[in-house]
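To start, the structure under review is shown below, and the notes come after it.
The values are calculated or read from the model by the stated rules, or taken from the named source; none is laboratory data. What you see is a predicted model; the values in this text were computed from it and never measured. Cβ coordinates were reconstructed from backbone atoms using ideal geometry, including for glycine residues, and neighbour counts include every protein chain displayed. Keep in mind that these areas ignore ligands, DNA and RNA; they rest on the heavy atoms of the full protein, side chains included. Shrake-Rupley method; radii C 1.70, N 1.55, O 1.52, S 1.80 Å.
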Amino acid sequence: MWETKPRPKRESSADLLAHIHQTAQAIGRAVQLMEVCGTHTVAAFRSGLRDLLPPSVSLISGPGCPVCVTPPSYIDAAIELSRRPGVTIATFGDLVRVPGTFSSLEQERAAGADVRVVYSPMDAVAIAREDPTRRVVFLGVGFETTAPGIALAVRSANGNMVDNFTVLSALKTMPAPMRVLAAGEEVKVDGFICPGHVSVVTGASAFSFLAEEFGIPCVVAGFEDIDLLRGIDMLLAQIAEGRSRMEIEYSRAVRWEGSRAAQSVIAEVFEPCDTEWRGLGVIPDSGLKLRPQFAEHNAASRFGVELTSRHTSVGCRCGDVLRGVLAPPECPLFDSRCTPATPMGPCMVSSEGSCAAFWRYGKRRRK
Amino acid sequence: MTAPRARSDRVLLAHGGGALMTKELIQSVILPVLDNDVLHPLDDAAVLNVTEGQLAFTTDSYVISPLFFPGGDIGRLSICGTVNDLAVKGAKPLWVSLGLVLEEGLAMVELETVVRSIGVTAEEAGVQVVTGDTKVVEKGKCDGLYINTAGIGRLVVPCPPGPTQIQPGDAIVVNGFLGDHGAAIMALRAGISFSPELSSDCAPLWDLVESVLAAGVTVHAMRDLTRGGLAGALCDLAEASGLGMRIWETLLPIRPPVRGVCDLLGLEPTAVANEGKIVFFCPSEDVDTLLSVLREHPRGEFAAAIGEVTARRDGFAVIVSRIGGERIIDLPPGETLPRIC
């Protein structure tokens, strides 16, 4: 149930927009499209796309911002580790400012913890190799996009006996929460803009169940303005014609079967596990943990870290935002107690969080 | 008679002690490069001859890491940053002070290279280093070398350009490619190697500003696009002038490798620092003259008109995307965060 048949040549954004308006009129009812990936959320805001769409077509953000769906228990565990003697925390930058229950890594760093921002998991392996006295914990957060790089880092550390390199994995896989959303009653999604980068790894096939089992039109779209316009145009065409298929707009990068090489390195190092998603709870088999043969690189088991569910900050409704139930400006904390400079929840911290995007790009409307 | 001591090849704490070693350092490293009549007495304060008119005075500190980068070094930067702050106020830079904070153990050859670079850049910028200070701190207390410079310039315009003079309808012009400095530094720090095109644009710009003013262009405001980049400058100026500003994404001059680095690191090219770029605001009838003067200058070859000041009095700058949507230009709140997926 998928196709990459040649589409009518509508290459200019003006043509695409005109066609989108025309199709929306033909559909004759309100439609809600969910962009799952945080990068799509940002791209839609950056291009001013929301203001150009017909009023009957709305975009809602899904659970595709890796920092946002990471539960507070994980941040608390990272903070607790950072306070232990000899521990160096290596992390992608977005996590540094995310508030845990009582603190953040940014505050811990100011208080003397060794927290380093790296651009690649291999940088963390290098830190571990250069100083064998440090116990380096890499915060493994992300989806199928970051998992292959982390898997390669683990494999490299393992092969080169860098046994002071460990990963605290909160890696997640994307299809499972989308199944939860599609099966749930809370949000009516008329079409999914499926994640582009994740699909490069998993292939579009990983998401085709949404069309096949749930009858929801799907398009894997790229991240340029024109990609999003084309993706929306394709979704509206499916809705207008009463079809539901998985279609690939991002065909320059995404194939039906994905990247076998990336999939196999993930499978070599990780195995599926149950994991907690902020706002969605524990979803069976939606996480990735290190396989037993890489146990010495597993920070959770080596340091005896417990990831127990805890409450988020009082009033923070990031969970509802992540399920698409609540639009960021509807949160009582939005722009009052919670701003990018004083974030109460991860959706306001991450550059890909929908609260941060609404705050940054919706400023003038609020004034 | 004592034999001459072998010169240390590293900076020692004693070099900052104010005694013999400090003097030796100044005489062997600083003076050979920066000496001039005003500095030469090495007295407590420099005495400057001023004529009529107004002076502009500014200061800035430089803590860049790494000290040396493609297209410049901390020494060049410490002159350019300060003289450019004067230039955008319509002041011809004349004198600068030089405060050096050195880390114990800094290689003497690195210090010499930085001082030489200061000398070359000061000459290029037409300024004299007229007073200075050297301190040494213990190893680990600073990252190699920090510099503070202050600068004094003479206003050559009767009324210094500034945000209050910006008018609705003004054209917004930049003198070339945006984000070169920040992208070069970030790429270096992140260990991303790119083509040699990726280098800092660090340069003194008085010469460029002077030719614009000499051509009779009415300049309402200028701002050098350092930290915060174009986005930061436009946010500030829109707020300070209370006017709206609109720029077009398709008109922005950004080099492909800079775009590449920004994409990789999750940065907004318009918010990335420059060290040789100015944004100009001028009446629309002057824009052709401004562009042609800029384009004749080596530091303005790729000048471009990128937008306009609007009558919408809301104090916001917006950018029009390639598909015609508008978004507000805003700044990241804290440190620049790389993205993770």
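Tabulated data
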read-out: Filter result for A:ARG84 (touching a residue at least 40 places away in the same chain (Cβ under 8 Å), farther than 28 Å from A:VAL220 by Cβ and not polar (S, T, N, Q)); value: yes
read-out: Any chance B:ALA45 is assigned by TED's automatic domain parsing to the domain that holds B:GLU138, surrounded by 14 or more Cβ atoms within 10 Å (Cβ to Cβ), outside any helix (DSSP H, G or I) and in contact (Cβ under 8 Å) with a residue 24 or more places away in the chain; value: no
read-out: Every residue from the range A:185-225 that is over 17 Å from A:VAL57 (Cβ atoms), within 14 Å of chain B (Cβ to nearest Cβ) and not in a loop (DSSP other than H, G, I, E, B); value: A:GLY196, A:HIS197, A:VAL198, A:SER199, A:VAL200, A:VAL201, A:THR202
read-out: Residue check, B:ASP143 of a type in the set (D, E, K, R) and touching a Cys at 6+ places or on another chain (Cβ under 9 Å); value: no
read-out: Members of the range B:309-329 found to be more than 9 Å from chain A (Cβ to nearest Cβ) and touching a Phe, Trp or Tyr at 6+ places or on another chain (Cβ under 9 Å), listed by number; value: B:VAL309, B:ILE329
read-out: Count of residues meeting criterion [within 30 Å of A:GLY86 (Cα to Cα), at pLDDT 85 or above and in a loop (DSSP other than H, G, I, E, B)] in the range A:302-342; value: 3
read-out: Single residue of the range A:53-93 satisfying the filter (charged (D, E, K, R) and under 16 Å from A:SER169 (Cα atoms)) that is nearest to the chain's Cα centre (by Cα); value: A:ASP76
read-out: Of residues in the range A:99-121 being of a type in the set (A, V, I, L, M, F, W, C) and more than 26 Å from B:GLY191 (Cα to Cα), the one farthest from the chain's Cα centre (by Cα); value: A:ALA111
read-out: Odd one out for A:ARG129 among (1) modelled with pLDDT under 95; (2) over 30 Å from A:VAL325 (Cβ atoms); (3) among the basic types (Lys, Arg); value: (1)
read-out: Qualifying positions in the range A:226-253 - away from chain B (no Cβ under 14 Å) and touching an Asp or Glu at 6+ places or on another chain (Cβ under 7 Å); value: A:MET234, A:ILE239, A:ARG245, A:GLU247, A:GLU249, A:TYR250
read-out: Residue list for the range A:201-219, filter: farther than 22 Å from A:ASP51 by Cα, without any contact (Cβ under 8 Å) to a residue 60 or more places away in the chain and of a type in the set (A, V, I, L, M, F, W, C); value: A:ALA206, A:PHE207, A:PHE209, A:LEU210, A:PHE214, A:ILE216, A:CYS218
read-out: Filtered residue count, the range A:21-58, keeping only those that are buried (at least 21 other Cβ atoms within 10 Å of the Cβ), hydrophobic (A, V, I, L, M, F, W, C) and within 15 Å of A:ASP190 (Cα to Cα); value: 6
read-out: Selection status of A:ALA176, in contact with a strand residue (DSSP E or B) (Cβ under 7 Å, 6 or more places away or on another chain), under 22 Å from A:CYS273 (Cα atoms) and part of a helix (DSSP H, G or I); value: yes
read-out: Condition check for B:ALA190: assigned by TED's automatic domain parsing to the domain that holds B:HIS220 and open to solvent by less than 10 Å² (accessible area, probe 1.4 Å); value: no
read-out: Flag if B:ALA56 is open to solvent by less than 40 Å² (accessible area, probe 1.4 Å), in a loop (DSSP other than H, G, I, E, B), touching a strand residue (DSSP E or B) at 6+ places or on another chain (Cβ under 9 Å) and at negative phi; value: no
read-out: All strands (runs of 3 or more DSSP E) inside the range B:92-189 with 1 or more residues being in contact with a Ser or Thr (Cβ under 9 Å, 6 or more places away or on another chain) and free of Cβ contacts under 8 Å to residues at least 60 places away in the same chain; value: B:128-137
read-out: Selection status of A:ARG134, in contact with a strand residue (DSSP E or B) (Cβ under 7 Å, 6 or more places away or on another chain), of a type outside the set (Asp, Glu) and surrounded by fewer than 24 Cβ atoms within 10 Å (Cβ to Cβ); value: yes
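Okay, residues lined up against (1) outside the structural domain of A:VAL189 (by TED's automatic domain parsing); (2) not small (Gly, Ala, Ser):
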{"position": "A:HIS40", "(1), (2)": "no, yes"}
{"position": "A:ALA44", "(1), (2)": "no, no"}
{"position": "A:LEU49", "(1), (2)": "no, yes"}
{"position": "A:LEU52", "(1), (2)": "no, yes"}
{"position": "A:SER56", "(1), (2)": "no, no"}
{"position": "A:ILE60", "(1), (2)": "no, yes"}
{"position": "A:TYR74", "(1), (2)": "yes, yes"}
{"position": "A:GLU80", "(1), (2)": "yes, yes"}
